[in-house]
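Supplied in structure tokens, the structure appears directly below.
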Amino acid sequence: MRTFDLTPFYRSTVGFDRLFSLLDQAAGDGGNGYPPYNIERTGENDFRITVAVSGFSQNDISIVAKENTLTIKGEKVANENSQNEVLYRGIASRAFERSFQLADFVQVKNASLENGLLHVDLVREIPEAAKPRQIPISNGPAPKPVTTDGKQAA
């Protein structure tokens with residue numbers, strides 16, 4: 001049974017409007033939590049997802065953005081040519097798949113792999129047509145209504 005309420009976070013999220021719903025679902029069905037990740041706000045409309053992928057190279061990781069879903073997959077190719085015998089494996093190298101639901105108008109800007117951390121930079125770019133616009137108020141008389149034939153009524 002869950003004893004915490006995420007409702008206040010639903011009101012305060014920008015860019016990841018459905019993030020806490022997904023976290024809530026993951027907590028309910030026992031998601032395994034591998035690999036660990038962080039989600040950061042780096043600017044007013046900029047976000048960064050950082051995934052710990054130690055032991056994976058660029059060739060082992062794929063990032064796919066489709067509609068409002070960002071999917072990060074990692075699959076390590078087994079190295080059969082290794083001459084060393086592993087006595088203890090504490091660094092996980094199992095395959096993984098992480099999906100993130102992105103809010104509307106959030107686009108993937110960049111991805112980089114640095115020191116075992118995969119950084120995926122996101123930006124929220126709202127088109128001009130969807131942005132609110134200021135309507136000027138005039139002091140003069142109201143404009144005359146236009147009739148259906150395109151002429152102004154007298």
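Can you give the accessible area of THR71, probe radius 1.4 Å, in Å² rounded to 10?
Counting only protein heavy atoms, THR71 exposes about 20 Å² to solvent.
Something else: Can you pull the percent of the range 83-124's accessible area that's carbon plus sulfur, 1.4 Å probe, other chains left in place? Before the final figure, lay out the partial values.
Working: 1260 of 2940 Å².
In the range 83-124, the share of accessible area belonging to carbon and sulfur is 43 percent.
Modelling each spin label as a point 7 Å along the Cα-to-Cβ direction, I'd like the GLN107/HIS119 distance in nm, to one decimal.
For the pair GLN107/HIS119, the computed spacing is 2.1 nm.
Going through the range 33-133, which chymotrypsin sites (Phe, Trp or Tyr not before Pro) have at most 10 other Cβ atoms within 10 Å and a DSSP loop state? Walk me through the intermediate numbers first.
Numbers: sites: TYR37, PHE47, PHE56, TYR88, PHE96, PHE100, PHE105; in loops: PHE56, TYR88, PHE105.
For chymotrypsin sites (Phe, Trp or Tyr not before Pro) across the range 33-133 that sit outside H, G, I, E and B with at most 10 neighbouring Cβ atoms in 10 Å, the list reads TYR88.
Which residues' amide hydrogens lie under 5 Å from the amide hydrogen of LYS76, considering only partners 5 or more residues apart or on another chain, with H built in the peptide plane?
ALA95
The values are calculated or read from the model by the stated rules, or taken from the named source; none is laboratory data. Predicted model only: the values in this text are computed from it and were never measured. Cβ: placed from backbone, ideal geometry, glycine included. Neighbour counts: every protein chain shown. Accessible surface areas use protein heavy atoms only, side chains included; no ligands, DNA or RNA. Shrake-Rupley method; radii C 1.70, N 1.55, O 1.52, S 1.80 Å.
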